[in-house]
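Here is the structure we will look at.
Nothing in this text is a laboratory measurement; each read-out follows from the coordinates by a stated rule. A quick note: this is a predicted structure, and the numbers were derived from the prediction, not measured. Every residue, glycine as well, gets a Cβ built from its backbone with ideal geometry; the counts of neighbours run over all protein chains shown.
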Amino acid sequence: MGRELKSSKLRSEQISRRLFFCMIVIIFSIFYLSIPLIINSYQEYIKSEQTLNEITCLRALVKTANKISRERAPSNKMMSSEPNVLLENQKELLEYRKIVDAEIDNSIEVLKQNGFRLIAYELETDLKVKLASARAIVDAYTSTPHAERTSKQYDHAILSMFSVWDESREFLTWLLVRSNSKNSKMSNYFTSILVLTDMRDQAGRVASNVMAPVTFGEKISDENRARSLQTQHQAIYLWELIDTIQPEQSKTLEYVDLYRRVKTEFLDKGLPIIARLLDESKNNKAYFLSGTQLTERMVGKFTPVMDLQNYILDYSIQVAVNENKFAKRQFIFTLIISSLSLLIAIFTMIYAKRKVFSPLIHARNMILRLSGTSDELPSGKNNKEEFVSLFEAIDKLKGMLKQRDTMELQLKRIANSDVLTGVANRLALDEYIRLLESKPEALSQTCVIAIDIDNFKFVNDQYGHIVGDQVITMIADQLKHNVRASDLIVRYGGDEFLVVIENIQMTAAKVVAESIRSAILKEQIIIPNAAEPIQVSVSIGVAIGANSWLELLEKADQSLLKAKAKGKNIVET
């Protein structure tokens with residue numbers, strides 16, 4: 001009898017330890033899942049912050065490049081001026097040079113503040129020096145008496161200003177190369193801005209390339225003609241390219257209007273002016289415009305290009321700001337939910353210890369006392385009353401044990417199930433693998449079907465994580481409908497599932513895999529406020545038989561990679 005009581009005591013203590021251990025496992029599981037989520041959310045937030053800083057720097061450099069490109073207009077105007085308006089045009093150029101210098105200094109400061117100190121240093125040491133050299137060439141030409149000037153000198157001064165812009169363009173490229181955001185969803189905006197900067201400069205060069213011979217009333221040389229035609233073709237090509245690379249969500253009515261204005265004002269009205277000058281030169285006719293008039297006529301044609309570029313700059317900045325705000329909210333939300341989940345688990349453990357474990361031990365001690373092994377039995381009670389108390393204690397203990405068993409089952413189910421889909425998780429798979437590898441012969445007829453959601457990152461990025469969760473849940477539901485209840489379904493990763501089937505041949509396994517693939521392809525996810533529901537597909541790799549679980553999993557993974565390589569939405573063995 002004493003041995004049975006001792007065994008009962010040990011069993012009660014073991015039960016308490018098991019329940020306590022399960023709660024510890026849950027707490028550590030939550031901790032294990034939460035930490036990567038928090039780190040990932042924080043990294044996304046930092047990445048969005050970097051993107052915002054980088055596009056701010058890009059905007060500053062683009063404005064500097066545009067100002068340098070725009071300086072050619074007052075420079076050309078001054079160099080082609082008649083003596084009676086030379087001082088007025090010279091004053092206009094000097095005022096504009098101050099604006100350019102201020103813009104360069106502002107860019108240097110912005111770059112320093114956002115961690116691009118090397119580029120800022122190069123702006124200070126290289127760009128300013130090259131700009132000063134080009135300006136000196138322009139000023140030297142202007143100070144040359146009219147009778148001693150030549151079109152070659154004028155063209156050389158124009159080319160020197162071209163080289164300054166080319167230098168500023170190198171810094172733009174350098175910034176994009178050093179940027180951490182070039183592979184992000186913002187990359188199209190970066191490219192659009194760069195292309196528009198090129199287009200703005202090419203548009204200006206169209207006229208500048210013929211400015212010298214037009215000013216001197218000379219025939220346009222083959223070299224100048226070739227440069228002008230090349231820049232025309234380049235400007236047209238860049239105009240067509242910008243609409244191709246521009247993200248569809250940013251093609252607002254304002255964007256469409258500005259894009260059309262570029263064609264109307266510059267391509268349809270500006271380029272014909274240059275074409276007419278080229279034809280007049282070819283046919284040895286007098287030019288219908290002087291150099292100064294050409295500058296004045298063409299300057300206004302570039303305004304739509306600038307407006308379009310500024311719009312995309314402002315739009316991309318707003319997108320970056322919104323992304324940064326969203327990432328920050330996501331990080332804070334993840335941190336709060338993870339912390340709250342951990343606190344709830346700890347509170348549950350404490351509550352279970354006080355309200356479940358302690359009453360169980362108390363009931364055990366009551367039974368021990370009533371069984372006569374304790375000196376603390378109530379005195380003055382007959383046997384009948386003692387048995388009544390004993391049965392009451394046993395009934396209470398039974399109730400507690402039932403509550404304990406229910407909790408233990410629920411905790412084990414929680415620990416072994418994926419929260420989102422209800423299918424097995426990695427912990428359950430580990431238990432299954434241990435059981436499977438204890439019977440090596442079973443591995444020879446065990447099938448692993450690896451399922452990966454195609455373009456899942458795009459769905460998450462395009463529609464958000466809530467829709468992403470709907471997709472994952474739908475996949476899990478279709479897996480449950482298309483495999484047997486005895487087969488193991490595991491959510492193996494964020495967008496990857498495994499189905500483990502024992503005692504099956506490859507032909508039957510492929511039929512199961514195909515039914516899964518086609519069933520998922522037929523499903524649609526309805527998104528509020530979206531024009532159309534979305535469909536997703538999966539790529540599936542099938543493998544049967546191996547010497548170890550890792551080898552079997554590797555075979556399935558290789559089959560999955562082959563399916564992905566063949567174009568996705570494919571079953572591969």
Cβ-defined net charge surrounding residue 265, 11 Å radius [Lys, Arg +1; Asp, Glu -1] | +3
Within region 278-348, DSSP-loop trypsin sites (Lys or Arg not before Pro) with at most 12 other C-beta atoms within 10 Å are 285
What is the dipole size for region 426-572, taken about its Cα centre, with +1 at each Lys and Arg Cβ and -1 at each Asp and Glu Cβ, in debye to the nearest 20?
-> 260 debye
Gyration tensor on Cα atoms of region 426-572, a ≥ b ≥ c root eigenvalues, a/c under 1.5 rounded, else prolate if a/b beats b/c, else oblate, says prolate
Those aspartates and glutamates that a straight Cα-Cα span of less than 12 Å connects to residue 219, excepting residues fewer than 8 apart in one chain | 279, 280
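Please identify the trypsin sites (Lys or Arg not before Pro) of region 161-261 that satisfy two criteria: DSSP loop assignment and at most 16 other Cβ atoms within 10 Å. Which are they?
Details: sites: 169, 178, 182, 185, 200, 205, 219, 225, 227, 251, 260, 261; in loops: 182, 185, 219, 251.
Here the sparse-neighbourhood loop sites are 182, 185, 219, 251.
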Counting alpha carbon pairs within less than 8 Å and at least 6 residues apart, what relative contact order, in whole percent, applies to region 426-572?
-> 31 percent
Rounded Å value of the spacing that divides the Cα centres of region 127-165 and region 236-303 = 25 Å
What does the charge count near residue 80 come to, summing +1 for each Lys or Arg and -1 for each Asp or Glu among other residues with Cβ under 11 Å from its Cβ?
-> 0
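Express as a percent, rounded to the nearest 5, the fraction of DSSP beta bridges in region 426-572 (both residues included) that run antiparallel. Spell out each step's value before the answer.
Details: 19 of 21 bridges.
That works out to approximately 90 percent antiparallel.
Of 67/128; 112/328; 263/285; 91/152; 47/325; 47/328, which ones are farther than 18 Å apart at the Cα?
Working: 67/128 13 Å; 112/328 24 Å; 263/285 28 Å; 91/152 25 Å; 47/325 12 Å; 47/328 11 Å.
Long pairs (Cα-Cα over 18 Å): 112/328; 263/285; 91/152.
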Please give the net charge around residue 564, taking every other residue with its beta carbon less than 12 angstrom from that of residue 564, where Lys and Arg add +1 and Asp and Glu add -1.
-> -2
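Starting from region 427-509, pick out the trypsin sites (Lys or Arg not before Pro) whose DSSP state is loop and whose Cβ has at most 11 other Cβ atoms within 10 Å.
Numbers: sites: 434, 457, 480, 484, 491; in loops: 484.
Sparse-neighbourhood loop trypsin sites (Lys or Arg not before Pro): 484.
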Sequence-separation-based contact order of region 470-518, relative, with Cα cut under 8 Å and 6+ spacing, percent | 32 percent
